[in-house]
Amino acid sequence: MTEFLTRAASAGGGSGPAGRAAIGLVFVGPPGAGKGTLAKTLQARAGMRHISPGDLLRQAVRDHTEYGRKALTYMRAGDLVPDEIVDAMIQAALAQAEGGSGWVLDGYPRTPAQAGLLDGFLASRGGTLNAVVYFEIGEDILLRRLTGRRLCPICGAIYHVDYRPPRSAGRCDLDGAELVARRDDAPDTALHRFRVYRAQTAPLIDHYRRRGLLLSVNAERPAEELYDMIWGSVRSRPATPLP
Ligand code: ADP
C-alpha cells in the first residue's frame, strides 16, 4: 500500500470533466472475488466507466454476433477467450470512455500478453493507469460465493442467495426481472476457472507490484468498506507513467 501511494503520488495524469484527473483502474483477482460488484459501485457513485470483458462477451453471445459465437465455447468451458476477440472489445470500450471521469477494467488484462497490449494502447492514446487493485481472498469462500451468485439478465445487477439476497426472492430489485445463475458458476467449471486464474492471471500480480502500481485489498471485507478504501486511496492520486 505504501509503495503504491509513494509511486503514484510522484507522477502526472490527464484531466476528466469534474476537474480532477481521469482515473484508470485495473481490478485483478480470482473469479467471485467481488470485482464486478465494486466496479459497478464505482460506476454508480464516482462516474467511472465499468468495463468488463465478461459482461461484453455475454452481451455478444446474447446478440448472436460473430465474436459471441466464437467466444461461447471457451466461456462455457471456463477457458480464456482468444486475445484477438477480447483485445478488440476492450480497446473499443476504452476509446469510448475517453474524456470521461475514468474507467475500471474488471477482468482485463488476464494474461501478460494482454497487459503488454494494454500498456501499448494507453501509451498510444495518452491514457493512464493509476492503480491495479488486487482482490485477495481464500478459495473456499470463492466457491460458496460463485455457486450462490445470481445475475439480472436485463441490467447486470449481481446478487447472492445468502450474502446479498434481492428483496423479493429470485427477482431483480431494480427491474423485477427473473434472476439467473451463470452456467460457468457450476462447481466443476468454477474450479477450472480458478486453475486458469492461477496459471495465467496470478503472474500479473508480481508484474504490477514491481511497477509500484499494486493496491492489495482484503476481499473478504464487506463491499462498503472496500469501496471506501479503494476510492479513498485512488481518487486524488495522479497516474504513474507507463514503463
Ligand atoms: P470471472 O471473473 O468471475 O471469471 P468474468 O465475467 O470476468 O468472470 O469472465 C467470464 C468468462 O469470460 C471467462 O471465464 C472467460 O471465458 C471470458 N473472459 C473474461 N475476461 C477475459 C479476458 N481478459 N481474456 C479472455 N477471456 C476473458
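The charge dipole of region 23-236, taken about its Cα centre with unit charges on the Cβ of Lys, Arg, Asp and Glu (plus for the first two, minus for the last two), comes to roughly 100 debye. Region 202-217 to region 99-175: how many Å between their Cα centroids? Centre-to-centre distance over Cα atoms comes out at 17 Å.
At a Cβ-Cβ separation cutoff of 4.7 angstrom, cysteine residues of the chain with no neighbouring cysteine are Cys155. Phi angles across region 217-234 convert, under the Karplus curve 6.51 cos²θ - 1.76 cosθ + 1.60 with θ = phi - 60°, into 3J(HN,Hα) values of 10, 7, 6, 7, 6, x, 4, 5, 5, 5, 4, 4, 5, 5, 5, x, 7, 9 Hz, Gly and Pro given as x. Its Kirkwood hydrodynamic radius, worked out from the mean inverse distance over all distinct Cα pairs, puts region 20-108 at 13.6 Å. Counted residue by residue at 0.36 nm each, then reduced by the alpha carbon distance between them, the extension gain from Cys155 to Leu72 reaches 27.8 nm. So what's Rg/Rh here for the chain, counting alpha carbon atoms and using the Kirkwood radius for Rh? Ratio of gyration radius to Kirkwood radius for the chain: 0.94. Counting only DSSP H runs of at least 4 residues, each contributing -39500 (n - 2.57), and dividing by the residue count of the chain, the helix-based mean residue ellipticity at 222 nm comes to -13500 deg cm²/dmol. Considering the dipole of region 23-236 built from charges on the beta carbon (Lys and Arg +1, Asp and Glu -1) around the Cα centre, which of Gly212, Thr65, Thr111 is farthest to its positive end? The one lying farthest along the dipole's positive direction is Thr65. Think of the chain as having a plus end and a minus end, set by charges on the Cβ of Lys, Arg, Asp and Glu; of Ser52, Gly100, Gly24, Gly100 sits farthest toward the positive end of this dipole. For region 101-193, the fraction of alpha-carbon pairs lying more than 18 Å apart is 61 percent, rounded to a whole number.
Report Rg(Cα)/(2.2 N^0.38 Å) for region 154-243, keeping two decimals. Walk me through the intermediate numbers first.
Details: Rg = 17.6 Å, N = 90, 2.2 N^0.38 = 12.2 Å.
Dividing the Cα radius of gyration by 2.2 N^0.38 Å gives 1.45.
What is the helix-to-structure angle for 35-46, meaning the angle in degrees between its Cα long axis and the longest Cα principal axis of the chain, kept from 0 to 90 and rounded to the nearest 10? So the helix axis and the longest Cα principal axis differ by about 60 degrees.
The numbers here are math on the coordinates, done by the rules we state, and not lab data. Remember, it's a predicted structure, so these values are computed and weren't measured experimentally. When we count neighbours, we look across all protein chains shown, and the Cβ atoms used for this are built from the backbone with ideal geometry, even at glycine.
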